[in-house]
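Participant: Before we start, here is the structure in question, set down as structure tokens.
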Amino acid sequence: MAEQLIDFKVFRYKQGQAEPTYQTFRTPCDENTTVLVALQDIRRDQDSSLILRHSCHHASCGTCGLRINGREELGCVVKVLELGTATVTVEPMRNMPVISDLVVNMAPFYDRFNRAGLPFIRESEYLDEAEVAEGLESYSRCENCIECNLCVSACPIMGSDELYLGPATLAAVWRVVEEPRGLETRPLLDWVDSQNGCWRCHVAYECNAACPSEVYPGDKIMALRRELTKRKFRGFFGRR
């Protein structure tokens, strides 16, 4: 397929700027050009001040999360011509402060993620064998989280309540509850059993639709609710 000239309407913002703007760039794209590659071409050839995040280029690191034509996507896997539009609108992820252009501040997300008990950090030479229940597939899906934050950007509740823990954090908590590896899960369950925890979710499942790794955080939030409900019943009957 021959190259086509595609317009990119790109969100622009710098610290100290009163309001964000949009700037349009035109660049050639062929059938293999991804949105990330097109943005890199624009940065190299047209405007070196354009700021974006990227790393692996193959959907493993989660670094290049963007909103592309209004949808949360990884820029490294979305092919421009497959979008089927003459103009591609590129914006930073929502529900996080914009640092510059297409880069957002992920620090609050990582703080919550760490409190959820992830990542697992080895403190000794050898780990005790983890007891993995039947159904390894469910564990694998949680381990597949690449911390891209697309689910947080897509979540409608995150946009209206900055105290909400969010789908990525809640899915991380469920990962620990499901296989604690010696960690005490009660403090985590207490943490998410709150108005800002898993009960704040309105079950829109936009997080599931946005997730590029099939972690399905919305399903994990529902699993947390079931676990907390069972815990309440056990407490009612005097059992832990």
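Only the coordinates and a few stated rules stand behind these numbers; no lab work does. Treat the numbers as computed from the prediction; the structure is a model and nothing was measured. Positions of Cβ are generated from backbone atoms using ideal geometry, with glycine treated the same way; all protein chains shown enter the neighbour counts.
Participant: What ranking, highest mean first, results for peptides 204-213, 171-180 when packing means the other Cβ atoms within 10 Å averaged over each residue?
Facilitator: Values: 204-213: 19.8, 171-180: 21.7.
Sorting 204-213, 171-180 by mean packing, highest first, produces 171-180, 204-213.
Participant: Of [x] 19.6; [y] 18.8; [z] 20.2, which one was derived for Kirkwood radius over Cα pairs in Å from the structure shown?
Facilitator: Derived directly from the coordinates: [x].
Participant: Need the C-alpha centroid separation for the stretch 12-27 versus the stretch 58-121, integer Å.
Facilitator: Cα centres, the stretch 12-27 to the stretch 58-121: 18 Å.
Participant: Have a look at the DSSP beta bridges in the chain and tell me what percent are antiparallel, nearest 5. If you can, show how the numbers build up before the last one.
Facilitator: Details: 18 of 22 bridges.
Around 80 percent of the beta bridges assigned by DSSP in the chain are antiparallel ones.
Participant: While we're on this one: Place the peptides 189-198, 55-64, 42-51 in order of packing, highest mean first, counting for every residue the other Cβ atoms within 10 Å and averaging per peptide.
Facilitator: On the way: 189-198: 17.4, 55-64: 15.6, 42-51: 13.5.
In descending order of packing, they fall as 189-198, 55-64, 42-51.
Participant: Once you keep just the Cα pairs under 8 angstrom separated by 6 or more residues, what percentage relative contact order results for the chain? Please list the in-between numbers first.
Facilitator: Working: 371 pairs, mean separation 39.9, N = 240.
Rounded, it is 17 percent for the chain.
Participant: Taking a cut-off of 26 Å between Cα atoms, list the lysines near LYS230, but don't count ones fewer than 8 places away on the same chain.
Facilitator: Leaving aside lysines fewer than 8 places away in the same chain, those within reach of LYS230 are LYS220.
Participant: OK, next. At 7 Å along Cα-to-Cβ for each site, give me the label-to-label distance between TYR22 and GLN4 in nm.
Facilitator: If labels sit at TYR22 and GLN4, their model points lie 1.9 nm apart.
Participant: Among 105-112, 30-37, 145-152, how do they line up by average Cβ neighbours within 10 Å per residue, starting with the highest? Can you show the working numbers first?
Facilitator: Numbers: 105-112: 14.9, 30-37: 17.6, 145-152: 24.0.
The peptides rank, most packed first, as 145-152, 30-37, 105-112.
Participant: Expressed in nm to one decimal, what extension gain is obtained for the pair ASP47 and GLU31 from 0.36 nm per residue of sequence separation less their Cα-Cα distance?
Facilitator: Contour length minus the Cα-Cα distance gives 3.4 nm.
Participant: Quick one: helix 167-178 against the long Cα principal axis of the chain, what's the angle to the nearest 10°, folded into 0 to 90?
Facilitator: That helix lies at roughly 30 degrees to the long axis.
Participant: Then there is this: Mind checking the angle between helix 35-45 and the chain's longest principal axis? C-alpha axes, 0 to 90 degrees, to the nearest 10.
Facilitator: That works out to roughly 40 degrees.
Participant: Right, next: Amide H of LEU102 versus every other amide H placed in the peptide plane: which residues, excluding those fewer than 5 positions away on the same chain, fall under 5 Å?
Facilitator: ILE51
Participant: Could you give the length gained by full extension between LYS232 and CYS56, i.e. 0.36 nm per residue of separation minus their alpha carbon distance, to one decimal place?
Facilitator: 59.0 nm
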